[in-house]
Amino acid sequence: MGGRRRPWAHRSVPAHHGLTTGQLWSHAGRFFLATSIAGALGLLSGMSHSYWAMVAAAAPIAAPDLSARLQRGVHRMVGTLGGVGVTAFLLSLQLETWHIVVFVILLQFLAELFIGRNYSIALLFITPLALLMTQLAHPVEALSLLQLAPWKP
């Protein structure tokens, strides 16, 4: 290679942000415990999308400290509820399949634009993105898609 070093060669792997092995195991245990409990409660509740409880439990834990976790949890609740409202509005428009595809592309772009800036605002786009993709894969009545548990009139 003529004496030139590859830019990636001989670099040390960064430490896990200064965490000890015990702290890493503790963090992994929080993820395991939170997602396991959320998954069990989701299944027991009869929610139609019970696995979403596991995602909702894992998202705040990824933040670095308790304050950031609490903030992310609040952002998650506010953004998800707002996102369900956005989805309700979009589905009220009686969309055709190609409309949904265009909205999925637009929502993905907006989610990527805001995810690093404000998690709550990003969820206004992530939630309808997930729900519209679900609608594309398995079309159901809008009310069934928007509620937690199977609708029983």
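Coordinate-derived values only; no laboratory data. Since this is a predicted model, take the numbers as computed values, not measurements. Note: ideal-geometry Cβ built from the backbone for every residue, glycine included; neighbour counts use all protein chains shown.
R0 = 25 Å: FRET efficiency of Ile105 with His138, Cβ-based, nearest 0.05? Mind showing how you got there, number by number?
Numbers: r = 20 Å, r/R0 = 0.78.
Working from the Cβ atoms, E equals 0.80.
Relative contact order for the range 63-140: what is it in percent, counting Cα pairs under 8 Å that are at least 6 residues apart?
Once divided by the residue count of the range 63-140, the mean separation gives 40 percent.
Treat the range 20-62 as a sphere of radius equal to its Kirkwood radius over Cα pairs and apply Stokes-Einstein at 25 °C in a medium of 0.890 mPa s; give the translational diffusion coefficient in µm²/s, rounded to a whole number.
230 µm²/s
Multiply the residue separation of Gln147 and Thr97 by 0.36 nm, subtract the distance between their alpha-carbon atoms, and state the gained length in nm to one decimal.
Working: separation 50, 0.36 × 50 = 18.00 nm, distance 2.12 nm.
Additional length available on full extension: 15.9 nm.
What list of ³J(HN,Hα) couplings, whole Hz, do you get for the range 130-138 from phi and the Karplus terms 6.51, -1.76, 1.60, once you set θ to phi - 60° and write x for glycine and proline?
5, 5, 5, 5, 4, 5, 5, 6, 8
Cα-based Rg (one decimal) and Dmax (whole number) for the range 64-153, in Å?
14.1, 44
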